[in-house]
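The values are calculated or read from the model by the stated rules, or taken from the named source; none is laboratory data. Keep in mind that what you see is a predicted model, and the values were worked out from it rather than measured. Cβ: placed from backbone, ideal geometry, glycine included. Neighbour counts: every protein chain shown. Keep in mind that these areas ignore ligands, DNA and RNA; they rest on the heavy atoms of the full protein, side chains included. Shrake-Rupley method; radii C 1.70, N 1.55, O 1.52, S 1.80 Å.
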Amino acid sequence: MDWEHPPAFIAQGVDLALRGWDLAKGWLSSPAAWSQFALIIAAYLLAFLLARKFRPALARLLAPPPGQDNIIARIRQTLLLFMPLILPLLAYGLTGMGESLTRSIFGSGAVIAFGKRVFLFLAVRILVRDILRDPFLKLIGRYVLIPVAALYALGLLEPVTAKLATTIVPLGNMSFDLLWLIKAIVAGGIVFWLGRWSNDRTGQYIQTQAEMRPATRQLAAKAAEIAIF
């Protein structure tokens, strides 16, 4: 490899690393940055205390009565699954308030804005790791949501999407930019997943209709499947 003229992607990576190092050195030598670090820690500690105080009460409020299995009970059970998000989202909200304060005092809030984006990344990671159960949604979360959240936290989402938008992929007589192709693949996968999920739920509902004859239930389930797809 010619180290005097490295490939473009290596040169871009080195340039980003140097810019990140210069930014980190600027933060470490700035009193305003240290005050923002202190606000990030304070926001997290306050969020931790609030979450520990209110989570049990919220869990009791959302928990459905024993033996109840109607639509409201299922919605409440689903909401209970999102309890782990309380801490990072509280920290995100409190850090956002701190960002407004630091910008009004110092005229800059880059450090605390970075902390806010990190808390959002943690929320996305908890969502994918602990809350999503469907294998397809977990796959989308692992390979789409988490990378996007990580790029956003590092402030690289805009340059990466701009690079993808200018990268053209030829497909026979047609050509697409790489960003559009990725969006189309993800959107198409989600649409097919929604079709399968809707079909499963509709079929389950039809099969529980005891007043319908078995042949009628089968016919209705097939008709619903065709209509959905």
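Quick look at the numbers
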| quantity | calculated |
| --- | --- |
| Ordering of 65-71, 127-133, 155-161, 173-179 by burial proxy (mean other Cβ atoms within 10 Å per residue, highest first) | 127-133, 155-161, 173-179, 65-71 |
| Positive minus negative residues near residue 189 (Lys, Arg vs Asp, Glu; Cβ under 15 Å) | +3 |
| Calculated Rg and Dmax of region 31-172 using C-alpha coordinates, Å | 19.2, 60 |
| Extension gain, residue 171 back to residue 58 (0.36 nm per residue minus Cα-Cα distance, nm) | 35.4 nm |
| Under-5 Å amide H pairs with residue 176, H placed in peptide plane, nonlocal only | 169, 171 |
| Accessible surface of region 142-224, 1.4 Å probe, proportion on carbon and sulfur as whole % | 68 |
| Note, ³J(HN,Hα) from phi for region 87-104, Karplus 6.51, -1.76, 1.60, rounded to Hz, x at Gly and Pro | 4, x, 6, 4, 4, 4, x, 5, 5, x, 5, x, 5, 4, 5, 5, 5, 6 |
| For residue 92, solvent-accessible area (1.4 Å; no DNA, RNA or ligand), Å² | 70 |
| Spin-label model distance (nm) - residue 136 vs residue 178, 7 Å beyond Cα toward Cβ | 2.7 |
| Virtual paramagnetic centre 7 Å along Cα→Cβ of residue 77, amide N under 20 Å, in region 157-198 | 197-198 |
